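**Q** There's a structure below that I have some questions on.
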Amino acid sequence: ASSQAHDHSKMNSSQTATKTETFKVWGQCEMCKSRIEKTAKAEGASNAFWDEKSQMLSVTFDPVKTNKDALSKKIASVGHDTEKYKAPDEVYAELPGCCHYERKK
């Protein structure tokens, strides 16, 4: 049993390194900021900060739990286009008017 426990702790120590990624997420206002950051955290990010001016989202996450692709896809699913994924038109249409950003073609 002790060798099993040893393997487990060794695995944990090498797996705890978090990763920080930054990518573009389109949005408009404070409500967008809150929605984007909350969604990233719900998808497994330990930290998320979206900058309204640069439209860049910085996320810190455990690569074992999630990844940039999953985070990006999840954020698009709540109405915000990302570098990689486009939000569904019907979801974007449901956002409050102040959240309607200029969409890339």
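The values are calculated or read from the model by the stated rules, or taken from the named source; none is laboratory data. Just so it is clear, the model here is predicted, and its values are computed rather than measured. Please note that ligands, DNA and RNA were not included when accessible areas were found on the heavy atoms of the full protein model with its side chains. Shrake-Rupley method; radii C 1.70, N 1.55, O 1.52, S 1.80 Å.
**Q** So, taking all protein chains as they sit and a 1.4 Å probe, how much accessible area belongs to residue 91, in Å² rounded to tens?
**A** Here the accessible area works out near 40 Å².
**Q** Principal axes first, then extents: for the Cα atoms of the range 36-76, list largest minus smallest coordinate on each axis, whole Å, largest first.
**A** Each principal axis gives a Cα extent; for the range 36-76 these are 31, 18, 14 Å.
**Q** Starting from the alpha-carbon convex hull of the range 14-105, give the projected area averaged over all orientations, in nm².
**A** Quarter of the Cα hull surface area: 5.3 nm².
**Q** I'd like the accessible area for residue 43, computed on protein heavy atoms only with a 1.4 Å probe and all protein chains in place. Round to 10 Å², please.
**A** 60
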